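One structure below.
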2 protein chains.
Amino acid sequence: MRQNLEEKYRDILTFKVGEVARKAGVNKETLRYYEKRKLITKPDRRRSGYRIFTQHHIDQVKFIKRAQELGFTLSEIKELLELRTDENTTCSEVRTEAEEKYKDVVEKIEDLQRIKKTLVELIDSCSGSGPKGDCPILEALEGENKTGRNLRN
Amino acid sequence: MRQNLEEKYRDILTFKVGEVARKAGVNKETLRYYEKRKLITKPDRRRSGYRIFTQHHIDQVKFIKRAQELGFTLSEIKELLELRTDENTTCSEVRTEAEEKYKDVVEKIEDLQRIKKTLVELIDSCSGSGPKGDCPILEALEGENKTGRNLRN
DNA sequence: CTTGACTCCGTACCAAGGTACAGGGCTTAT
DNA sequence: ATAAGCCCTGTACCTTGGTACGGAGTCAAG
């Protein structure tokens, strides 16, 4: 089954790594990297060693990019791709992954909200004029905390 | 001025790296790392090479940790520390740093809110039952997007 | 004065997600 | 058949914030 690649690819469009990179909006090295991490289907090779990519690969890379935009790590994306490939995957398995990511995101938002709140308080406490001598922001960071403000919540 | 360290430290408490680590809640190697990155004042050394730390260093590390909790990177913290040391620093310079960090945080929150919204839509679109054949989550990631949903906002 | 706990230094390694070579080998158009 | 412009590989490097290791020197208590 290795001898007639010509046969196999006769009727479909194939691409070289640079073309895929351009079409998918990633770097050539990134494609090699994804291949090594098994995030994309291992492409066949020409006798010269050149990789033979198809539209399938381009779609995979786009899948990866969309999942990344939703905050999935490459490891998580690999799991998703495995779910996608596995015939026995159920809808609820996929949903579970999404729900876990959702929890992550909510938690991160909460952390950032607390940080934002503290920053606002610090900024508001500082008139923005005068020397740093009594800058309440530095004071708070120094922990001397004359104002009774406390950074840890 | 190097000869009489004994003189210099006669009346103040000094600490070895392990003590500082314990008191400040960091690792010994982290202290070396901070020293290398010039985040803490370079400690004097005994003739043996042992570092001589004081309460000042402990306070610096605590400053660093508080600033980290607010999302400042070590590079940004270095700037803050320089502002703190510089006699000519004005309050408004410090406030500007805080305002920039505030903007970063707000932006990150916004990104995550968008991500969260998309995840919720995906999760809601999926009944959680049945095989993955028509899992709307995978469909959306695949970009086929029969539902007209679009991940990019 | 010995022994265990401490410290020193340089270096390598970790996660994550890539990027950047160098030194070769193909391919394709002219 | 030659030259530009692809592609191949392995390896090193990047950022951020550290952690781990190993061999050697030091300190303090008994």
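Quick one: in segment B:30-39, which of the residues that are outside any helix (DSSP H, G or I) and away from chain A (no Cβ under 14 Å) is nearest to DNA strand D (Cβ to nearest atom)? Give the derivation first.
Step one: of segment B:30-39, the residues outside any helix (DSSP H, G or I) are B:37-39.
Subsequent filtering for residues that are away from chain A (no Cβ under 14 Å) retains B:37-38.
Numbers: B:ARG37: 8, B:LYS38: 13 Å.
Of everything passing the filter in segment B:30-39, B:ARG37 is nearest to DNA strand D (Cβ to nearest atom).
From A:LEU81, A:LEU13, A:LEU5, A:LEU70, grab the single residue that is touching a residue at least 40 places away in the same chain (Cβ under 8 Å) and either within 26 Å of B:ASP111 (Cα to Cα) or charged (D, E, K, R) (or both). Reasoning before the result, please.
Numbers: A:LEU13 fails: either within 26 Å of B:ASP111 (Cα to Cα) or charged (D, E, K, R) (or both); A:LEU5 fails: either within 26 Å of B:ASP111 (Cα to Cα) or charged (D, E, K, R) (or both); A:LEU70 fails: touching a residue at least 40 places away in the same chain (Cβ under 8 Å).
Within the list A:LEU81, A:LEU13, A:LEU5, A:LEU70, the selection yields A:LEU81.
Conditions first: (1) outside any loop (DSSP other than H, G, I, E, B); (2) among the charged types (D, E, K, R); (3) facing chain B (nearest Cβ under 9 Å). A:GLU79 passes all but one, so which condition is the exception?
Result: A:GLU79 passes all but (3).
Consider B:ARG45 against the criteria (1) exposed (fewer than 13 other Cβ atoms within 10 Å of the Cβ); (2) within 15 Å of DNA strand C (Cβ to nearest atom); (3) in contact (Cβ under 8 Å) with a residue 24 or more places away in the chain: it satisfies all of them except one. Which criterion is unmet?
Failed condition: (3).
Counting just the residues of segment A:30-42 that are charged (D, E, K, R) and within 12 Å of DNA strand C (Cβ to nearest atom), which one comes out farthest from A:THR85 (Cα to Cα)?
So the residue we want is A:ARG32.
Looking only at segment B:1-29, which residues are in a loop (DSSP other than H, G, I, E, B), within 13 Å of DNA strand C (Cβ to nearest atom) and of a type in the set (A, V, I, L, M, F, W, C)?
Within segment B:1-29, the subset in a loop (DSSP other than H, G, I, E, B) is B:1-4, B:9-14, B:16, B:25-27.
Next, only the ones that are within 13 Å of DNA strand C (Cβ to nearest atom) stay: B:14, B:16, B:26-27.
Hit for segment B:1-29 is B:VAL26, nothing else.
Restricting the search to segment B:99-112, which residues are at the interface with another protein chain (Cβ under 7 Å from one of its Cβ atoms) and either over 19 Å from B:SER75 (Cβ atoms) or at pLDDT below 95 (or both)?
Listed by number, the residues that qualify are B:VAL106, B:ILE109, B:LEU112.
Output the residues belonging to segment A:48-76 that are more than 9 Å from chain B (Cβ to nearest Cβ) and more than 9 Å from DNA strand C (Cβ to nearest atom).
The answer is A:ARG51, A:ILE52, A:PHE53, A:THR54, A:GLN55, A:HIS56, A:HIS57, A:ILE58, A:GLN60, A:VAL61.
Only residues that are within 20 Å of the chain's Cα centre (by Cα) and either farther than 21 Å from B:LEU81 by Cα or within 8 Å of DNA strand D (Cβ to nearest atom) (or both): list them for segment B:1-27, please. Break it down into steps so the answer makes sense when it comes.
Here is the first cut: in segment B:1-27, the residues within 20 Å of the chain's Cα centre (by Cα) are B:20-27.
If the condition is that a residue be within 20 Å of the chain's Cα centre (by Cα) and either farther than 21 Å from B:LEU81 by Cα or within 8 Å of DNA strand D (Cβ to nearest atom) (or both), then B:ARG22, B:VAL26, B:ASN27 are the ones that fit.
From B:LYS132, B:LYS146, grab the single residue that is at the interface with chain A (Cβ under 8 Å from one of its Cβ atoms) and at pLDDT below 90. Don't jump to the end; show me each part of the working.
Numbers: B:LYS146 fails: at the interface with chain A (Cβ under 8 Å from one of its Cβ atoms).
Sole residue among the options that is at the interface with chain A (Cβ under 8 Å from one of its Cβ atoms) and at pLDDT below 90: B:LYS132.
The values are calculated or read from the model by the stated rules, or taken from the named source; none is laboratory data. Note that the structure is a prediction, hence the values are computed from the model and not measured. We place every Cβ from the backbone using ideal geometry, glycine too, and count neighbours over all the protein chains shown.
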